[in-house]
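First the structure, in the form of structure tokens, and then the observations on it.
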Amino acid sequence: MKIYLCLYLCLYFLVGCTKPVASSLISTPGPANDYKLVWQDEFEGNNLDITRWNTGANIRDDATQTANAVSVTNGLLNIITYTENGINYTGFIDTHGKYEPVFGYIEARLRFKNSPGQWSAFWLQSANNKAYDPVDPKKGVEIDMIEHRAVNNNGKDLSNSYVCNIHWNGYTPGLHKTMGSNVLSLPAGESFSDWHTVGLLWDATGYRFYIDNTMVWKTASGLSTSNEFIRLTSEVHNYYWAGVIPATGYGSKGSDANPIMQVDWIRVWQK
């Protein structure tokens, strides 16, 4: 019996699964050392918790959002991208209307396998992110903690790189405001096929962005004091910043060709 138990545990961890962790056992990350855990999803069970998350069902650029691209298995959230009958499908979930904090430290443990023409992201958005005269970012900002793509628009490999961005004053050309980190990369030898924590410390002084508890970018520009909802998404846009969609698409649902974003957990700490 002990031998079988050991074999089971070894297999359990080799496939990247994680056991549910009680809140009392969760350690507070360094950037939030004087904060308290106030919200979390450990993605336990076999279904997305619809009391926490909405599932997108829109057409966005070159993909149709569907709940069929979102699953929870073995303690992980999976968002895949796939192609059937010439149509690209992907997953898009958020906490709009269910959880919308102002300030705090927001962190997720995640990994990516993306493909050209497609990308994945962990970000915040506000329903108040619109064009204002005068410009007023306090009303709401898109805050991209991480956007990950396989290649750029010229086909350059960015599989171990990422960007952090903020966008405010809506999205109308000429009115839209933006600031970003430019392309950043993981330390040599590290990969986004492995697990990493991605965090944002957002307070009255600005934004600080973290990978594995190391600050990688900060800015005091475009500071939102509005409620912001959490988004975990994958998108497809041909001939755009993530390159060109493969001629054969992304494989049928459940194939090894499917790009995938996996999230182990997401947590929010506040003072």
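Per residue of the stretch 202-213, in order, report the coupling 6.51 cos²θ - 1.76 cosθ + 1.60 (Karplus, θ = phi - 60°) as ³J(HN,Hα) in whole Hz, putting x for Gly and Pro.
10, 9, 5, 9, x, 10, 10, 9, 10, 10, 6, 6
How many lysine pairs does the stretch 31-270 hold where the Cα atoms are under 22 Å apart and the two sit 8 or more places apart or on different chains?
Lysine pairs satisfying the spacing and distance rule in the stretch 31-270 number 14.
Tell me, what are the semi-axes, in whole angstrom and largest first, of the equivalent ellipsoid of the stretch 33-140 as set by the roots of 5 times the Cα gyration tensor eigenvalues?
26, 22, 13
With labels modelled as points extended 7 Å from the Cα through the Cβ direction, what inter-label distance (nm, one decimal) is found for Ala247 paired with Asn85?
Taking the simple label geometry, Ala247 and Asn85 are separated by 2.5 nm.
Order these by the 10 Å Cβ neighbour count, fewest first: Leu232, Leu175. Display every interim value, and only then the final one.
Values: Leu232 23, Leu175 14.
The most exposed by this proxy come first: Leu175, Leu232.
Where both residues lie in the stretch 31-270, what percent of DSSP beta bridges are antiparallel, nearest 5?
Taking every DSSP beta bridge with both residues in the stretch 31-270, the antiparallel ones total about 95 percent.
Taking Cα atoms of the chain, Rg/Rh with Kirkwood Rh, to two decimals?
Ratio of gyration radius to Kirkwood radius for the chain: 0.96.
I'd like the Karplus ³J(HN,Hα) series for the stretch 234-245: coefficients 6.51, -1.76, 1.60, θ = phi - 60°, whole numbers in Hz, and an x wherever there's a Gly or Pro.
10, 9, 10, 8, 6, 6, 10, 6, 9, x, 10, 4
Considering only Asn152, Leu232, Val135, whose Cα is most displaced toward the positive end of the charge dipole of the stretch 31-270, charges sitting on Cβ of Lys, Arg (+1) and Asp, Glu (-1)?
Farthest along the dipole direction, towards plus: Val135.
Would you pull out the residues with amide H under 5 Å of Glu84's amide H, same chain only if 5 or more places away, H placed 1.01 Å from N?
Tyr89
Whole-Hz ³J(HN,Hα) for each residue in the stretch 257-267, computed from phi via Karplus 6.51 cos²θ - 1.76 cosθ + 1.60 with θ = phi - 60°, x for glycine and proline: what do you get?
Running phi through 6.51 cos²θ - 1.76 cosθ + 1.60 with θ = phi - 60° gives 7, 5, x, 8, 10, 10, 10, 7, 6, 9, 9 Hz.
Taking Rh as the Kirkwood radius computed over C-alpha pairs, what is the Stokes-Einstein D of the stretch 157-271 at 10 °C in a medium of viscosity 1.306 mPa s, expressed in µm² per second?
Reported coefficient: 94 µm²/s.
Put a dot 7 Å past each Cα toward the Cβ at Thr28 and Asp157; how far apart are the dots in nm?
Between Asp157 and Thr28, the simple spin-label model gives 4.2 nm.
For the chain, give the magnitude of the charge dipole about the Cα centre (Cβ charges: +1 Lys/Arg, -1 Asp/Glu; no others), in debye to the nearest 20. Numbers along the way, then the final one.
Details: 21 positive and 25 negative charges, 54 e Å.
Computed charge dipole of the chain: roughly 260 debye.
From zero up to wherever the largest Cα-Cα distance of the stretch 97-218 sits, split into 10 Å bins and tell me the percent of pairs in each.
12, 41, 34, 12, 1
Could you list Phe209, Phe229 in order of exposure, starting from the residue whose Cβ has the fewest other Cβ atoms within 10 Å?
Placing the least packed residue first, the sequence is Phe229, Phe209.
Find the centroid of the Cα atoms in the stretch 41-93 and in the stretch 237-264, then give the distance between the two in whole Å.
Their Cα centres are 14 Å away from one another.
Arrange the following residues from fewest to most other Cβ atoms within 10 Å of their Cβ: Asp157, Asp203.
On the way: Asp157 9, Asp203 15.
With the fewest neighbours first, Asp157, Asp203 line up as Asp157, Asp203.
Here, each number is a calculation from the coordinates, and none is a lab measurement. The structure presented is a predicted model; accordingly, all values stated were derived computationally and were not measured. Glycine also receives a Cβ, built like all others from the backbone with ideal geometry; neighbour counts cover every protein chain displayed.
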